[in-house]
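Take a look at the structure below.
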Amino acid sequence: MKLPHDDFTSVATEDWNDWRWQMRHAMTDVCSLGFGDADGRIDAQRRYPFLVTPYWLRLMRRTGFTDGPAAVQALPDARELLGPEEGECDDPFRETELSPLPGLVHRFPDRVLVVASLACAMRCRHCTRKNLLSVHAAPDMDGIGRIRDYVVAHPAVREVLLSGGDPLLLDDDAIVERVEIFASLPQIDAVRIGTRVPCTLPMRVTDALATRLGASRKVWVNTQFNHALEITDEAAAACARLVDAGIPVSNQAVLLRGVNDSADALADLFRGLQRMRVRPYYLFVCDPVVGTSHFRVSEERAAELEDEVASMVGGLALPRFVRDVPRAPRKLPVRH
């Protein structure tokens, strides 16, 4: 299969390393990659939008264009249109119900989530919010100010999570402004940024951005690498820029059938993260979201994998194997 721009050799290095160039040239139609109607990908794309940057397309090309770990996470799949299966829904964690202000979710007493951006560098097919991005709002600065007032009025809140979408697809000033608004509050111990760009668009993490984010000494970054093949030189450099700026970086992987559901794949991932000084923090069982059942690994198998991987890597490289359960007060271990 001949792909458009399939070798990228004609792209200037300066352009390739410019995250804005990457986003301008993102592909949003699987037809442009040579897929037709027969496999159901186009129907899936109509419901769940598709987006990959040239960076991720190159990774797909190198690791299996249709069935490699990068491709399986990115390409529309007819199985997304099946269901819902028992226990699945569009909003299992009641984010719309637990939203006291546009763009704010207050699910746990000591922390709140702010939908800072609706944009993504890749539309992950296993995304928890794949049915919600069109429902949520990304507040402007007036809205952020109202959220700040809400946080002040709830002194039990000690952590603010900037999420989305992906907050790091805002420009530098907009990201830093949002961070500083919450980091300046004495009650806030941590401003956590949930972002996949160190994995999906690593050139976005520039030295300048990392330095500015590290200045408050309250920023933590949680990212998501799901397979060792995603740990490219560019991704490692992006993580190094964050860590060298004094920002703790942790990884929240998702256990995905057909991507990383073997002990060897998980051990390779966790070792690779440790080499990058990224803490393997959580491995989540895929959330009960409509359109993701084909990714889901049983909790029993997840528990078996935890035992297998624990015999292969040391404690510093072993995350907690957990499930996020609707209405539960915390993340629960995969073992009942």
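Coordinate-derived values only; no laboratory data. This is a predicted model, so every value here is computed, not measured. Cβ placement follows ideal geometry from the backbone for every residue including glycine, while neighbour counts extend to all protein chains displayed.
So here's what we get for this one:
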item: Percent of C-alpha pairs per 20 Å bin, the chain, short to long; result: 31, 62, 7
item: Value of D in µm² per second that Stokes-Einstein yields for region 268-336, Kirkwood Rh from Cα pairs, at 20 °C (1.002 mPa s); result: 165
item: Solvent-free Debye scattering, log10 I(q)/I(0), computed from the Cα coordinates of region 13-81 at q = 0.14, 0.21, 0.28 Å⁻¹; result: -0.43, -0.88, -1.28
item: Relative contact order computed over the chain (Cα-Cα under 8 Å; 6+ residues apart), in percent; result: 14
item: Debye-sum result for region 226-326 in log10 I(q)/I(0), which assumes one identical scatterer on each alpha carbon, at q = 0.10, 0.12, 0.20, 0.23 Å⁻¹; result: -0.27, -0.39, -0.99, -1.20
item: Residues of region 152-171 with amide N under 18 Å of the 7 Å Cα→Cβ point at residue 11; result: 169
item: Per-peptide average of other Cβ atoms within 10 Å, ordering 121-127, 45-51, 94-100 highest first; result: 121-127, 45-51, 94-100
item: Protection proxy ranking of 71-77, 201-207, 327-333 - average other beta-carbon atoms within 10 Å, highest first; result: 71-77, 201-207, 327-333
item: Semi-axes of the equivalent ellipsoid for region 148-200, Cα gyration tensor, largest first, Å; result: 22, 12, 8
item: Region 268-290-region 136-150 distance, computed between alpha-carbon centres (Å); result: 30
item: Separation of alpha-carbon centers, region 176-241 and region 12-73, rounded to whole Å; result: 24
item: Gain in span if fully extended, residue 325 to residue 298, counting 0.36 nm per residue against the direct Cα distance; result: 8.3 nm
